[in-house]
Amino acid sequence: MLQLFKSICASRFCWFLLFLSGIALEACGLYFQYELHLNPCVNCVYERAYFLGFVVAGFIGAMAANYVIVRFLCAAGFLASAIGGLLVTWEHYRAYTSTSLFGNTCKLEAQFPDFLPLDTIAPWMFKPLGLCSDKLDWELLGQSMPFWILIAFASATVIAILMLISFFVKKKTSNFDRLYK
């Protein structure tokens, strides 16, 4: 199975699919914000930033799929984005499902690093306008948006781990010598 995964990860198609997945997830977030008028909280904005990591890793991986070291670095970046997103989404899900009288709230302002202030570079995408504990009018199969984002990041984490493991699997070669004995 890992042999198959290794050959799939070596193709541009795999990385382009990651790129398109990241774009689709970002587009969903913008659709929810601007069409359904669901204001993003700080954790939503951080989740968008981690999905942007999928876009970057997928784009670079697709452009340089012939180079093993680039694919490895892109897979590591994909894993870092997936794990970071999983941790943020877990906090988001806990805040959203909290039954505490005072509720679990998140910060009101995003704190991006000084070298990449996404909230000032692209405020239309990364400026938080809502609270993490705000109940949403949107559900899919009876589950909330933080739940589905948690599923997306958990799935991405598993895929990224398999991608990284596949780098250490030796390529299987056909040994026909045994047929001539």
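The values are calculated or read from the model by the stated rules, or taken from the named source; none is laboratory data. Quick caveat: nothing in here was measured; it's all calculated off a predicted structure. So basically every Cβ, Gly included, is an ideal-geometry build from the backbone, and we count neighbours across all protein chains shown.
Tabulated results
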| quantity | calculated |
| --- | --- |
| Count of region 73-85 residues which are surrounded by 16 or more Cβ atoms within 10 Å (Cβ to Cβ) and either in contact (Cβ under 8 Å) with a residue 60 or more places away in the chain or among the polar types (S, T, N, Q) (or both) | 7 |
| Subset of region 1-40 [more than 30 Å from Lys127 (Cβ to Cβ), over 20 Å from the mean Cα position of the chain (by Cα) and assigned to a helix (DSSP H, G or I)] | Leu2, Gln3, Leu4, Lys6, Ser7 |
| Selected residue (criterion: modelled with the highest pLDDT) from residues of region 94-129 that are among the aromatic types (Phe, Trp, Tyr) and touching a helix residue (DSSP H, G or I) at 6+ places or on another chain (Cβ under 7 Å) | Phe126 |
| Boolean, Leu36 is in contact with an Asp or Glu (Cβ under 9 Å, 6 or more places away or on another chain) and modelled with pLDDT of 90 or more | no |
| Counted residues, region 146-171 - those being surrounded by 11 or more Cβ atoms within 10 Å (Cβ to Cβ) and either at pLDDT below 80 or assigned to a loop (DSSP other than H, G, I, E, B) (or both) | 2 |
| Where a residue in region 53-64 is without any contact (Cβ under 8 Å) to a residue 60 or more places away in the chain and in a helix (DSSP H, G or I) and its partner, wherever it lies, is of a type in the set (D, E, K, R) and crowded, with 19+ Cβ neighbours inside 10 Å, with Cβ under 7 Å and at least six apart | Gly61/Arg71 |
